[in-house]
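Participant: Dumping the structure here so I can ask a few things about it.
The values are calculated or read from the model by the stated rules, or taken from the named source; none is laboratory data. This is a predicted model, so every value here is computed, not measured. Every residue, glycine among them, receives a Cβ derived from its backbone with ideal geometry; neighbour counts consider all protein chains shown.
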Amino acid sequence: MTRGGRRGDSTGGLILDDLDRHARERPGELAIAGVHAHGAITELWSWSALATAVDHAASTLLSLGVAPGEAIALQLPNRPEFVTLALATLRLGAVCEPLMPIFRERELRFMLRESGTRVLFVPDRFRGHDHAATALALREALPELEHVVVLGDGEGLAEPAATRCAAPAEHRPRADQIAQLLFTSGTSGEPKGVLHRHDALMRAADAHIDHFGLGPDDVVFVPSPLAHQTGFLYGMWIALRLGATQVLQEAWDAEAGLEAIRRFGVTFVQAATPFLADLVGSARDADGNPPPSLRTFVATGAAVPRELARAAREVLGAEVGGAWGTTETCLGTAFAPGDPPERAWGTDGRTLRGVRARVRDDLGGALLPGAEGNFEVHTDCLFEGYLNRPELSAEAISPDGFYRTGDLARIDSDGYVRITGRVKDVINRGGEKVPVAEVEQLLYAHPAVRELAIVAMPDERLGERACAFIVAAPGAELDFAAIQEHLHSARVAKTYWPERLELVDALPKTASGKIQKNVLRARAGELVQSEAVTR
């Protein structure tokens, strides 16, 4: 696996050491509570049972010839099997490659080829999609993909072993080795594989735990997918680090999520803002009594509307605030418990331990507090580099070691950060970044499309949705159903599809011929506002 990035120190520990300690010191306590989307309990796993299941999964991986340093792909929903396979992968010194369940053939083909993955785990079916059929078709198209393991709901991985699975010496991981390969879409339109070391993830978890004052008595519920850094690091990893119970809901359902919070005494939730909006709506429809255990809700991925934050404090009874992070940097800024409400939900908080933030003008010059500029962060949780992309890794880091986020921000005199926009042309749909350039290129291939631009339009629930402004080819007919069918045939994840089509005679352009997306974004906002007034 070719890397291409920075090197750091090798300090830090291993999450497997924490797992072994919890299984030894508190074997019967609850480690994982699995919950179906509709609320039924699927599995309750103690620390002892989890450690045993990880050993069984490691045995399965060894039987497949897994070698140290190779990437093992997991396209699984939020089920205990994801946790066991991720930890088994790490125990054998391999690299965990989570893949979002929403990905389809086109995204998977690129990612699996890029990583050279030999082993892929998928569910049989999930949310109406035949993942098994998709994966088996990919195996025919990718010679390097040797093993596709299909897991039914709750299906085990191996027969119980008589003894613990001891990883061979050559498999035992070190803190300075790569632990995670997570693909993220960028403005180039091509997914980039972000590489993280064991010790960087450990430092990120410890800083997060310290910032929010978490402990082993907390119950952690991060409903974001485990294949997303929010679920992987701020849900699974942090719970393992603490020895805290983690609640896994295989697919999001707000009513069932609220019930899980009550049933298991959840104290900490971190998720994108739409999850918060859904929970508030469900709580209002329920008995009106806030869950007595819930203490903190960290809203990421999109700004927290002021009225939503107020309502959340009232109906959920928890402190609510914003946070900012990237796959490359882990969580960089966040509100802290006890922050004044207007600071908690009116900003993206202050930097976590080990993080420095700054804003710079376009020439790299320093700006005064409160001025808007290019947002950059320096962190000891920085990624190792982009897979096979040393040139992109170098471009992402300033000469003095700051990560160039591509975001615009203001930092006030008290150190509170407020993200004001993005330089990168990516639409933030409820915390999921839409690779605009890639979708535009695909739509340009439609014979009825002459010119187009995809921009963000505001949305009350998700923050942003994609709006496509298209100039049709002369004499051609084009409608919304046609572009949907075109993207469906290209096997593009539905999350990335435009959700509005505006046919126009021409696109606004600068004198040099560049499309003025700022004008289109304003136009999309006016359309949404006009419709809201009409309603």
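Participant: Out of everything in the stretch 291-304 that is farther than 16 Å from His208 by Cβ and surrounded by 18 or more Cβ atoms within 10 Å (Cβ to Cβ), what residue ends up being modelled with the highest pLDDT?
Facilitator: That would be Leu294.
Participant: Turning to a different aspect of this structure: How about the stretch 397-427: which of its residues are more than 14 Å from Thr333 (Cα to Cα) and buried (at least 23 other Cβ atoms within 10 Å of the Cβ)?
Facilitator: Listed by number, the list holds a single entry, Ile427.
Participant: Additional query: How about the stretch 338-396: which of its residues are exposed (fewer than 15 other Cβ atoms within 10 Å of the Cβ), within 27 Å of Asp206 (Cβ to Cβ) and out of contact with any His (no Cβ under 9 Å at 6 or more places or on another chain)?
Facilitator: Residues satisfying the conditions are Gly338, Pro340.
Participant: Being touching a helix residue (DSSP H, G or I) at 6+ places or on another chain (Cβ under 6 Å) and among the β-branched types (Val, Ile, Thr) is the filter here; which residues of the stretch 215-252 pass it?
Facilitator: Val219, Val220, Val222, Ile238, Val247
Participant: Filter the stretch 96-133 for residues that are under 21 Å from Thr60 (Cα atoms) and either part of a strand (DSSP E or B) or outside the structural domain of Leu64 (by TED's automatic domain parsing) (or both) and give the result.
Facilitator: Cys96, Glu97, Pro98, Val119, Leu120, Phe121, Val122, Pro123
Participant: When you go through Thr230, Thr245 one by one, which is the residue that is modelled with pLDDT under 95 and assigned by TED's automatic domain parsing to the domain that holds Leu76?
Facilitator: On inspection, the qualifying residue turns out to be Thr230.
Okay, residues lined up against (1) touching a Lys or Arg at 6+ places or on another chain (Cβ under 8 Å); (2) assigned to a helix (DSSP H, G or I); (3) within 27 Å of Leu242 (Cα to Cα):
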site: Trp45; (1), (2), (3): no, no, yes
site: Ala57; (1), (2), (3): no, yes, yes
site: Ala135; (1), (2), (3): no, yes, no
site: Leu138; (1), (2), (3): yes, yes, no
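Participant: Out of Glu451, Glu384, Glu372, Glu376, report the one residue that is assigned by TED's automatic domain parsing to the domain that holds Gly332 and within 30 Å of Ser530 (Cβ to Cβ).
Facilitator: Only one candidate qualifies: Glu372.
Participant: Hey, could you check the stretch 257-272 for residues that are within 24 Å of the chain's Cα centre (by Cα) and small (Gly, Ala, Ser) and say which is modelled with the lowest pLDDT?
Facilitator: Looking at residues that are within 24 Å of the chain's Cα centre (by Cα) and small (Gly, Ala, Ser), I get Ala272.
Participant: Considering only the stretch 433-479, how many residues are at pLDDT below 90, surrounded by fewer than 22 Cβ atoms within 10 Å (Cβ to Cβ), in a strand (DSSP E or B) and within 21 Å of the chain's Cα centre (by Cα)?
Facilitator: 1
Participant: Quick one: what pairs do we get from the stretch 433-458, first residue touching a residue at least 40 places away in the same chain (Cβ under 8 Å) and within 18 Å of Ala476 (Cα to Cα), second of a type in the set (Val, Ile, Thr) and not in a strand (DSSP E or B), C-beta under 7 Å, 6+ apart or different chains?
Facilitator: If the second residue must be of a type in the set (Val, Ile, Thr) and not in a strand (DSSP E or B), the pairs left are Leu442/Val492; Leu443/Ile483; His446/Ile483.
Participant: Just one of Leu76, Leu90 is in contact (Cβ under 8 Å) with a residue 40 or more places away in the chain and in a helix (DSSP H, G or I); which is it?
Facilitator: Leu90
Participant: Suppose we filter the stretch 96-127 for residues that are acidic (Asp, Glu), without any contact (Cβ under 8 Å) to a residue 40 or more places away in the chain and farther than 18 Å from Phe82 by Cβ; how many remain?
Facilitator: Residues meeting the conditions: 0.
Participant: Taking strands (runs of 3 or more DSSP E) that fall entirely within the stretch 298-363, which contain at least 3 residues that are touching a residue at least 60 places away in the same chain (Cβ under 8 Å) and more than 20 Å from Pro458 (Cα to Cα)?
Facilitator: 330-334
Participant: Follow-up question, since we're still on this one. Hey, does the stretch 157-172 have a residue that's touching a Leu at 6+ places or on another chain (Cβ under 7 Å) and modelled with pLDDT of 90 or more?
Facilitator: no
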